[in-house]
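Input: a single structure, listed below in structure tokens.
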Amino acid sequence: MVIWIILLAMTAAAVMAVLWPLSRHYAVSGQADPNTQFYREQIDEIERDRERGVLLPNEAEAAKAEAGRRLLRATGMEDVAVAVGEPALRRRRAASTLALSVLPILAIAIYGAYGSPHLLGQPPVMAARGPATPSDLATAISQIESHLAQNPQDGRGWEVIAPVYVRMGRMGDAVKAYEAALRHLGPDANRLANYGEAMVLAKDGLVSSEAQGIFEQAVKLDGTSPKARFYLARAAEQDGQIDKAKAGYAALLAGSPADAPWTAVVEEQLARLEGPQTVSRQDAEPQMGADDILRMVSGLASRLEAQGGSADEWARLMRSYAVLGQRDKAADAAQRARQALAQDDAGLKTIDMMARELKLTDAQP
Amino acid sequence: MLVEAGHFALALALGLSLIQFLVPLWGARTNDPVLMSVGPSTALAVLACLAFAFLALTVAYVTSDFSVLNVVENSHSAKPLIYKISGVWGNHEGSMLLWVLILALFGAVVALAKSSVPVRLQANTLAVQAAITIAFLLFILMTSNPFVRVVPAPVEGQDLNPLLQDLGLAIHPPLLYIGYVGFSISFAFACAALIDGRIDAVWARIVRPWTLGAWAFLTLGIAMGSYWAYYELGWGGWWFWDPVENASLMPWLAGTALLHSTVVMEKRDALKVWTILLAILTFSLSLLGTFLVRSGVLTSVHSFAVDPERGSFILGILTIFIGGSLALFAWRAPLLKQGGIFAPVSREGALVLNNLFIATACATVFIGTLYPLALEVLTGDKISVGAPFFNFTFLPLVIPLLMLLPFGQTLAWKRGNFLGTAQRLYAVFGVVIVATLVMLAFTAGGPVGAPLGIGLGAFLVLGSLNEIVTRSWSRGSPLSVTWRKARNLPRSAWGTALAHAGVGVTVIGIAATAWDLEGMDTLKIGDRISAGPYTVRLERVVPRQEANFREDVVTLRVFRNGNEIGMVDTMKRLYVTRGMPTTEAGIVTIGLSQIYASVGEVRPDGSIGLTLYYKPLVLLIWLGAVVMAAGGALSLTDRRLRIAAPAPARSIPVASVPAE
Amino acid sequence: MTRKQRRLTLIGVAGCILAIALGLVLYAMNDTIVFFNSPADVQAKNVQPGTRFRLGGLVKEGSVQRGDNQQVAFEIMDGQGSIRVNYTGMLPDLFREGQGVIAEGALEHSGVFRADSVLAKHDENYMPREVADTLRRQGLWQGDSKASQQTQ
């Protein structure tokens, strides 16, 4: 409430700043016209200089003549005639109305559009927060950070701060922290899975092949790790291997207790995959929704584009395009695959074989 | 709460500026003194609002109020207090707020100058100035609002770019802005004169302090930026012809020309139209500088964010003000009474020549800076126009200007005599020629540019000194008379001499860079590296932890011709929050020269890559700029620049205007 | 001198200075301007050895080799190829593998690029603009995917 009174007072003061000069009677008397004043001062100065001998008499005469000419030109250009009478009063009233209406309306409209007045009702949270409060989370974090900066080999510390970063949305920092924790504490299924998850979150949900590798490593260490298995299933889904994904999710569900916190999420994923476009068996690809296929293919393409991939993945992309009838794109993919796999003889062979199979002869370099 | 009140004050300032724009303009049109008197009082109110808004933001920074997005993005609770405060303008939003605050401050000064400025001119000027304020306030509110809140507030901020966590850079932007914005007042006066259709020596007298002050601050700001780049980037260079540097150089050049043309206008009532045009161009170039730097068209450390919306908004402001003022110029300038024309060989003739050279040099910088942008838009080709282009085009225009400067300075007003002038300078000329030849002989085999450039610089310094001496001393007059005469010279004459001498000092510093020496090596503890007569030995490499960064401190022992003269540290820093490394150069100042050590990489085995420069007389570059600014300031204190102020009873009157 | 003569003198002097400046600018335009090329451009345009240009791209991971006396060799790559770069001197603070850089110099006959200056970004949000454009065109870089903050 106090704030509204303050804003009101500010507005009132601003309006007053406009109204005050309008209400005053304009005093002309005693104010010399600066135009002529300037030259008068000049002439006086020349006179003084001559008396002190700084200027020779003839120099002073010439200077005075020049200044006098200018003074003559400047007089009669009186700036201001005091305006009185009806039109002046009307103008004054118009200006006052303008100030009284435009100022509050504009200020409140602008503030309403860009300000956060609803935050005003809340107690000033910030008052309690400051660098001096030791219990403050911010201070705690910066303390841990500076501790870690001094002792970068403290893997425990990294492991503590990493999930905090995740919660704060600083995914890049989280990835780095988990990396450091792994380096100093050694691999462990849980840690690997968390690391992978941070990588996925940092890429806005995309399971990169790097992250996939991490999850695979985690599963190798602990076959039951739910997080790793979940993301592996998702990776399969993003690669377009729907069946593998479904199998992954189903196995995860089967292997976890019914009241596990992730059950709901996994079931949801599974339900989504088995949604309306559910098809009977694996050879049913052509019957799948065309949108789904396009989505999968473009997902794969952009992933290969961004991060590269194995020869098999490139081959899969080529085949997908060919199946969709986009032979030019298939040829294009072949060309790009050859560039990406230039060092990989076996990979090149795979690509060549696929190109032959798809009769993409025009794609030969 | 304070933040919201600050935000509201910003909105209120916009409304007040609108009134400050409309009412005085209307008053001037109808010749109504009451309406015109609304201008000054609203200008003061705008200043109060903006000062309050700026204060609110500063408080948010100092108390680390992370509910403000701007504070989150640019501050950190572990940051030292001074950088919390400088962080207010160390980012795009805050710096724009500072920009309008300075604008309002200057507007208020114009508003308070009641007795010296004709009322109509003042009203129109305040209106034009309010128009600029409106444009920038809209820009701030709509695209760069520093008061945007974050809910829920993050617990820690993202820290200020470490390169900007530096004392030099904390004061560099305010200096530049005072310069830029000072030119906006000259611009407002020019537009006001056009609106009024009247311009005379009084106008020049009123505008000159603004131009002079803005120019002095811009000079300091550019010098500060250059020195910052020199010691902070760790490359040992002091001017890179970087577009962002050019963006501040162009208004400086145009402002320098404006400064000189106002003198002609004030003393001789001539060059009116050209002066008006220059005032418009100078501020246009300031705006262009702001656009280039802030829009992200040029990426550099100054471009805080690349945001096309902001870019197009500033481009809009640019188009409206430059286009509008030039249209106003085209429409109204023919109505202005033409001034007299004058003899080519005279002080005013020399000043015209100065204007021609400087304006042309400014144009070449303009072309070099904008040509790559234009080419990319037109053809898609990406090119870079670097130092070679500017050295090739800018220097051939500036060097003749500097060589003619002492002559122009010595010429008399109205009709000068070139031979007489040359006679007054022959002693200086002879000394400089002999000194240059001696230097050439002693440094035979070295770069020729250095002695020649130093000769030129010495000519400028001695020429300025000569000007003071010949004006106060005549053959046979006793020392006391000379002293009295020298003291009685107008302060502006001293200021002129000082500023021109400052140019000479900078020229000497620049020329001496041709003698720079450098050495580069990978060193282990105990290894040495040399540059010229100086040698450094690597003593130790020690890691250190500070509040918001950690660093490797490389300690070097410095020897000159084998004798130890001291120790110096150079650092490789890592700012933890941003994960950003920086280099802190180690600098030993010996007289006016410096030894500059910069560490490249710290290897795991403890050896370091080090570059060592010996830079003779390098400090003169910036010292000259300070002298120039001091000359400007001295000129500014000249009583004759303030018109209706009554003379203090015991002051010594100074020479009159036309006969100086 | 008459008024007219004075005016003509002024115009003449102004014309002379402008002509000189124009000549200098045109000459310098031919001589001192440096083009920006990515490794792909170098192949496509068949840039001749000895021509100065700016080479921009990403520093290839694992390609940086540091020698004595601050000699550095690395590869600058883009989506279509990479070019080996030799350089002696101070590298910018933010020079890292995988980062965008610009090197200025010329190609040698061996196909190695000899750089006399290397520029990297000033801060961690900055990618040299030319490099960013090229990479964006080639789809290698999506820009900073910063977690968007919830604002009012």
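The numbers here are math on the coordinates, done by the rules we state, and not lab data. Source: prediction; values computed, not measured. A quick note on method: Cβ atoms are made from the backbone with ideal geometry, for glycine too, and the neighbour counts reach across all protein chains shown.
So what's the convex hull volume per residue for the Cα atoms of the protein assembly as shown, in Å³?
Here the figure is 226 Å³ per residue.
Loop only per DSSP, at most 16 neighbouring Cβ atoms within 10 Å: give me the trypsin sites (Lys or Arg not before Pro) in region B:332-378, ordered by residue number.
B:K337
Tell me which lysines have Cα within less than 16 Å of B:K272's Cα, excluding those fewer than 8 residues away on the same chain?
Partners within reach: B:K337.
Do you know the relative contact order of region A:154-276, to the nearest whole percent, from alpha carbon pairs under 8 angstrom that are 6+ apart?
Once normalised by length, the contact order is 16 percent.
Taking amide H positions as placed 1.01 Å from N in the peptide plane, with prolines and chain starts having none, which residues 5 or more places from B:I590, or on another chain, fall under 5 Å of its amide H?
Sorted by chain and number, the residues that satisfy this are B:I595.
Determine the calculated [θ] at 222 nm for chain B from helices alone, applying -39500 (n - 2.57) to every DSSP H run no shorter than 4 residues and normalising by the residue count; nearest 500 deg cm²/dmol.
After summing the helix terms and dividing by the residues of chain B, the value is -21000 deg cm²/dmol.
For chain B, what is the relative contact order in percent, using Cα pairs closer than 8 Å and at least 6 residues apart in sequence?
Relative CO of chain B lands at 12 percent.
Working out 0.36 nm times the residue gap between B:L55 and B:R484, then minus their Cα-Cα distance, what length gain in nm do you get to one decimal?
Length gained, B:L55 through B:R484: 149.6 nm.
Quick one: net charge around A:R303, please, counting Lys, Arg +1 and Asp, Glu -1 for every other residue with C-beta under 12 Å from its C-beta.
Summing Lys and Arg as +1 and Asp and Glu as -1 gives -2.
Please give the charge dipole size of region B:503-631, origin at the Cα centre, charges +1 on K and R Cβ atoms and -1 on D and E Cβ atoms. Round to the nearest 20 debye.
Dipole of region B:503-631, to the nearest 20 debye: 120 debye.
Please report how far the C-alpha centroid of region B:358-427 lies from that of region B:551-627, rounded to the nearest whole angstrom.
Each part reduced to its Cα centre gives a spacing of 34 Å.
Enter the mean number of other protein chain beta carbons within 10 Å of the beta carbon of each residue in B:40-50, as an integer.
Working: counts 2, 8, 6, 1, 1, 8, 2, 0, 4, 5, 0.
Taking all residues of B:40-50 together, the mean is 3.
In whole Hz, with x marking every Gly and Pro, tabulate ³J(HN,Hα) for region B:513-530 from phi via Karplus 6.51 cos²θ - 1.76 cosθ + 1.60, θ = phi - 60°.
The phi angles translate into 5, 5, 8, 4, 10, 9, x, 8, 6, 9, 10, 9, 4, x, 6, 10, 8, 10 Hz.
In straight Cα distance, which lysines are under 19 Å from B:K524, not counting same-chain residues fewer than 8 positions off?
Result set, ordered by chain and number: B:K572.
Between A:D345 and A:S209, what FRET efficiency follows from the Cβ-Cβ distance if R0 is 25 Å, with the result rounded to 0.05?
Efficiency at R0 = 25 Å is approximately 0.75.
Give me, ordered by chain and number, the residues 5 or more places off A:D344 or on other chains with an amide H under 5 Å from its own placed amide H.
Excluding prolines and chain starts, which carry no amide H, there are no hits.
Amide H to amide H, which residues 5 or more places from C:S117 or on other chains are under 5 Å from it, using H placed in the peptide plane?
Residues meeting the criterion, in which the H sits 1.01 Å from N, are C:E104.
Testing the spin-label approximation: label points 7 Å from Cα along Cα→Cβ at B:T319 and C:C16. State their distance in nm.
4.2
What FRET efficiency, computed as 1/(1 + (r/R0)^6) with R0 = 45 Å and r the Cβ-Cβ distance, is obtained for B:R415 and B:M567, rounded to the nearest 0.05? Before the final figure, lay out the partial values.
Numbers: r = 62 Å, r/R0 = 1.38.
With R0 = 45 Å, the Cβ-Cβ based efficiency is 0.15.
Partner chain Cβ atoms within 10 Å, averaged over the residues of C:80-90 - can you pull that number for me?
2
What's the magnitude of the charge dipole for the protein assembly as shown around its Cα centre, counting Lys and Arg as +1 and Asp and Glu as -1 at the beta-carbon? Answer in Debye, nearest 20.
Details: 101 positive and 98 negative charges, 1014 e Å.
With Lys and Arg at +1 and Asp and Glu at -1, about 4880 debye.
Just tell me how shielded B:193-205 is by partners: mean number of partner chain Cβ atoms within 10 Å of each residue's Cβ, no decimals.
2
Considering only Cα-Cα distances, which of the following residue pairs are longer than 31 Å: A:K329/C:K60; A:K176/A:K227; A:K227/A:K329; A:K246/A:K329?
Beyond 31 Å between Cα atoms: A:K227/A:K329.
For region B:194-207, in order, what is each residue's ³J(HN,Hα) by Karplus, 6.51 cos²θ - 1.76 cosθ + 1.60 with θ = phi - 60°, in whole Hz (x at glycine and Pro)?
Once rounded to whole Hz, the list reads 5, 4, 6, x, 9, 8, 8, 4, 4, 4, 4, 5, 6, 6.
Suppose R0 equals 22 Å. What FRET efficiency, 1/(1 + (r/R0)^6) with r the Cβ-Cβ distance, do C:D31 and B:T379 give to the nearest 0.05? Don't skip to the answer; put the middle values down first.
Values: r = 19 Å, r/R0 = 0.87.
For R0 = 22 Å, the calculated efficiency reads 0.70.
Using 0.36 nm per residue, how much length does the chain from A:L221 to A:S310 gain when fully extended, once their Cα-Cα distance is taken away? Show your work: numbers first, answer last.
Values: separation 89, 0.36 × 89 = 32.04 nm, distance 2.40 nm.
Separation in residues times 0.36 nm, less the Cα-Cα distance, equals 29.6 nm.
Which whole-percent values make up P(r) of chain B when all C-alpha to C-alpha distances are grouped in 20 Å steps starting at zero?
Pair shares across the bins are 17, 47, 31, 5, 0.
Within a Cβ distance under 12 Å of B:R550, other residues only, what is the Lys/Arg minus Asp/Glu net charge?
Working: positive: B:R544, B:K572, B:R573; negative: A:E145, B:E546, B:E551, B:D552.
Spelling it out: positives minus negatives among the neighbours equals -1.
Once fully extended, how much extra length lies between A:A12 and A:R167, figured as 0.36 nm per residue of separation less the alpha-carbon to alpha-carbon distance?
Additional length available on full extension: 51.3 nm.
Using a cut-off of 19 Å between alpha-carbon atoms, which aspartates and glutamates can reach A:K203, once sequence neighbours fewer than 8 places away in the same chain are excluded?
Cross-link targets: A:D173, A:E179, A:E216, A:E237, A:D239, A:E305, C:E124, C:D144.
Under a point spin-label approximation (7 Å from Cα along Cα-to-Cβ), what is the B:R603-B:L81 distance to one decimal in nm?
Label-label distance for B:R603 and B:L81, simple model: 4.5 nm.
Using the charge dipole of the protein assembly as shown (Lys, Arg: +1 at Cβ; Asp, Glu: -1 at Cβ; taken about the Cα centre), state which of C:A14, B:L16, B:I82 has its Cα farthest towards the positive end.
The listed residue farthest towards the positive side: C:A14.
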